[in-house]
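Read the figures in this text as sums done on the coordinates, not as results from a lab. A quick note: this is a predicted structure, and the numbers were derived from the prediction, not measured. Heads up, the Cβs are rebuilt from the backbone with ideal geometry, glycines too, and the neighbour counts pull from every protein chain shown.
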Amino acid sequence: MSFAGTFGLWMAVFFTFSIFSFLYKDNPFYKFAEQVFVGLSAAYWLVYLYYSIMLPNLFSKLISDFKGNLILLIPAALGIMMLMRIIPKTQWISRFPIAIMIGTSAGISMVRYAKSDLLSQISATMINPFAAVSVSAVIGNFLLIIGTICGVYFFYFSKKQEGLSAVPSKLGIWFLMISFGASFGYTVMARISLLIGRLEFILKDWLHIIK
Amino acid sequence: MKRNLPLIFAFISGILVVISEFIPHRPFSQMVSTLQDWFMIIAGFAIILGQISLFQANLAKIKEKKSGWYFYLAGLLSFMLMLVIGLLWGTQEYRGLIGHGEAIQGWLGSKPFDYMFDNAYMPLSATMFSLLAFFIASAAYRAFIIRSFESNLLMITAVIVILGRTSFGGMLTAWLPESFKFWHLPNLSDFIMEYPNSAAQRAIMISAALGIIGSSLRIILGIERSYLGSDK
Amino acid sequence: MSVNANSQTERRIVFLVLLLAVALPLIFPIGWKTEVSGYTKMAWNLIESTPDSVVVIFSFDYDPSTMTELQPMAEAMLEHAFSRNHKVLAMALWPQGAQMAEQAFAEAKKAYPDKAYGVDYINMGYKVAGIVAIQAMGRSMAEVFPTDQRGIKYQEIPMLKNIRTLKDIAYINSLSSGTPGIKEWVMAGRDAYGTPVTGGTTAVSAPGFFPYVNSQKQLHGMLGGLKAASEYEVLIGKIGSATTKMDAQSIAHLLILIFIAVGNVKAFRARRRRDAI
Amino acid sequence: MKKLLLVVGLFLCVYVQLSASSLFWVEDVPWDEGKALSLEWNVPAETVYLQKADSLGAWDLIYAGAEKKYKDSEVNPQQLYTYRLIVPRPEIGDSISFIATAKPIEQWFYLHKLSFLLILLAVSFAIIYYVNGARNGKDYFIRRITALDSVDEAIGRATEKGKPILFVPGIGDLDDIQTIASLTIMSHLAQKAAEYDTELIVPCRFSMVLSASREVVKEAYLKAGKPDAYKEERIFYLTDDQFGYVAGIDGIMLREQPAANFFLGSFYAESLILAETGFSTGAIQTSGTAQASQLPFFIVSCDHTLIGEELFAASAYLSRDPQQLGSLKGHDFGKVLVILFIIMGVVTEMAGWHWFKAFFEGAQ
């Protein structure tokens, strides 16, 4: 292997161990890796943003066909207004791009969530519970309908939840807890895979213990 | 004026987006994607703000010789290094300011930016991510304790699903007769994932969607405005 | 929740034991047999029942971030295809997929050293444009792949002499971790040209593809995650990296359950001690 | 409008002419953005081949199979498209072909989104109605949200110990409503922190979030009457990178040892890294997110967790601002509506009246 390759490998190994060392306790190696990570990644995203967004979507378009892309001057102006924050006196100007961005985001989120998380989830729950092949699926369908309704009711804020009205909300919590347990258990595998991936790097690429 | 005019802008842009969702005709049909492209461009400008903040903060710590200032110096240097090599020679797909740097590429095996990406950024990021394996174990050890009925539910379903996802979970209940197949651990964990779990996820999604619709509406109508700060 | 030195030590023990539990099975494989699920068996059947000497496509639609799960699948299925004497055309809808293919070939060659490049297998490299590329392959493969990864002309590749379009391919195997991937192959490959499609994906995205494994066989079974990969290794009788990694997974899962049990015993004791005072 | 009608009428005439063949016809998909054509044929054949003329007039195969219809979504509005259907006739060793053309049209309303529009309007009007009610002095009740009752306690403990408070506004940018909800909660916290003279640390992942956070905290200090205590450098940017950001926050937690951590907003895989590191430093932790997949980790590792919608209700709960409470009442109206629709949907499905569900499904 070339010198650059070997050096790169050892650098990767060093950083891997430095991050792992954090599990024992805070130490200079972690501090070093942490600061390098923050610095590197900040610059990485700046460079990435410049090449993959600013250059093709703004600068190249304006340079190659300025008149045809006049509309792009609006986001460019808003972007520059955003940068006015650097000077304390002109800080208030940045409120315009912020307000426009937040207003647009609010509009986008409103329709997007109403569609994918509200409407489609409601219609997905409109099922005939008996239209299933097995007994367990019929029971499951009932659980699905009851669980969804009780879960939604759990989030009902404008009524004290006591007496009879506490029952569905209690059921709702049970469903939430079952779901949290299930998601936790389901995720274990993916997380262990991440560790296997790192150990594979150390044992295979670096130490050549496993093939 | 410094506060009310932005609020009017927020109102107009929000309403336009909502209306355009229902109108298939141009220019409305392209409004959302155009605005999202704009968002990226504005964010592209704005990232500089954060980087200046980072730069200044590190510089201040180094100047004041705060404890561990050399770590901040290392951070600053890695920032500069990545920025400079990225701009000079570009990335795998893009040409940098002074070309592709074939000579350096021959020596390093790839562009300096990609070399740093592969050998520093990637291992740092992947290792940080893999810490989750340890934390998921310590969280389970500490928190899955028999206490109240609710926490027991959490623990029991977690145990069933953890068992059901591996090879020995299947072995454990493989002796069950055909009529009890439902209780076979992989089947049981699939059942939990498919029904009670989906029900709760749906409930969270539906109510959170209502919360998001409400918050968005408050923003568009200008009721929620703390993000703009004060008038002074 | 206050944390004392005692519980810090406990945390460290948990971390260390977990590290060992994952590392040791990787170094010393156990080779636990996994129960084979229906979908995996279906995928295996497709490759097993396809006659020999046909040309098949392996599409590497993933990158290093999902290698842990997908590479073992690629290796196991590739070995199976080699054992059935299928001629494998590797391609990639993801830029880094071509490298993944190279690695998989290198691994499979260890078991089948006689397989020759260009005669038994070929790497055509990365193709942009996802579904559009697949549609174009339905019209003419030579147009989509003027040359292979190394620059050999399509017409000069022995194994592709009689291959003109996707219809001449016996089956397609897409190993995918997102878009473009299995879905595109099903829509543009199987639905439009009738070429059978099978594939593998990560455990997280697998449920999204199950609907395609239906009576119309839009997908001839599929592998979801490491577990399915190790099942495939059981079917071809190999203790490969999936089985080893699955051993590590199983031990780690078991260990977490032991942690939960120990945690409960400890809490129970502490409560008794409190009650006694 | 008249012109529009005329144009639509003209198109109708043209296409009736062109699609006169009753064996193969192409139609514009109605009520859409003019990006789809629907093709249907009625020919007795096992397999048919459908071709489309490209810009140069060459035929491209777009479908082969036994179906009787096809939807082409790769078209542009107001352009004429020509299709050819080839039906093989093996018994005579030949094939028959049909040609049809159509033009996709852009309309002014998505009809299939009607249910979506109605439900959105219903919820919005309910919210506006209750907000108005609140403005006119109506008082609305809100049930306890346990996770929020401990906020004062957490700040109090940080004050007692003389340690700072850490507030993480999630890893979403400003285009995520969860981030904005988090910022409104932060404004209450910052005000409290200012009153108690406790330091507040806010690391941010995005520059826009940084800008908004500074505005919010500055205003809160102003409201608390302590504008001089506001330290801009304590609200800072780390990096745009997900795990780089987490590595930085972990470092802060270990070195500054904050006595209270708040993780509110949108979180992904890093949730557990943050919560477990925070736990190991002994801080009181309050978390909240609408990201259903991350809630389990917050629940097991944090002292208090805002689940889903509670995150959006938090600012109303903390401020007791009548307008915010009114809006919350509007969400509750939405929940009643949802529950009713689900029950009606299940009943109609069981009765076999599928139009009800279909009406709601139209929106996708």
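Straight-line reach from C:K33: taking Cα to Cα under 17 Å and skipping same-chain neighbours fewer than 8 places apart, the lysines in range are C:K41, C:K227, C:K238, C:K245. Taking amide H atoms as placed 1.01 Å from N in the peptide plane, the amide H of D:T305 lies under 5 Å from those of D:S287, each 5 or more residues away in sequence or on another chain.
Rounded to the nearest whole Hz, the Karplus-based 3J(HN,Hα) values (6.51 cos²θ - 1.76 cosθ + 1.60, θ = phi - 60°) of region B:101-107 follow the sequence x, 4, 4, 5, 4, x, 7, with x at glycine and proline. For chain A, lysine pairs separated by 8 or more sequence positions, or belonging to different chains, with Cα-Cα distances below 28 Å total 5.
Quick check on the protein assembly as shown: of the DSSP beta bridges with both residues there, what percent are antiparallel, nearest 5%? Provide the component values of the computation, followed by the final result.
Numbers: 31 of 71 bridges.
Given both bridge residues lie in the protein assembly as shown, the antiparallel proportion sits at roughly 45 percent.
Summing charges over all other residues whose Cβ lies under 12 Å from the Cβ of C:A252, with Lys and Arg as +1 and Asp and Glu as -1, gives +2. Taking K and R as +1 and D and E as -1, what net charge do the other residues with C-beta under 15 Å from the C-beta of A:A190 add up to? Counting the neighbours of A:A190, the net charge comes to +3. Within chain A, the whole DSSP H helices whose Cα atoms reach 20 Å or more along their own axis and whose mean Kyte-Doolittle score is at least 0.5 are A:3-20, A:28-49, A:95-113, A:135-154, A:166-200.
For region D:220-276, the C-alpha radius of gyration sits at 1.35 times the compact-globule guess of 2.2 N^0.38 Å, with N the residue count. Here is what passes the span test in chain B: the DSSP H helices with alpha carbon length of 27 Å or more along the helix axis and a Kyte-Doolittle mean of 0.5 or above are B:28-63, B:69-89, B:122-143, B:196-221.
Only helical DSSP H runs with n ≥ 4 go in: add -39500 (n - 2.57) per run for chain D, normalise by residue count and round the 222 nm mean residue ellipticity to 500 deg cm²/dmol. Mind showing how you got there, number by number?
Working: 12 runs with 170 residues, N = 364.
Using -39500 (n - 2.57) per qualifying helix, the result is -15000 deg cm²/dmol.
Counting Lys and Arg as +1 and Asp and Glu as -1 over every other residue whose Cβ lies under 15 Å from the Cβ of D:P88, the net charge comes to 0.
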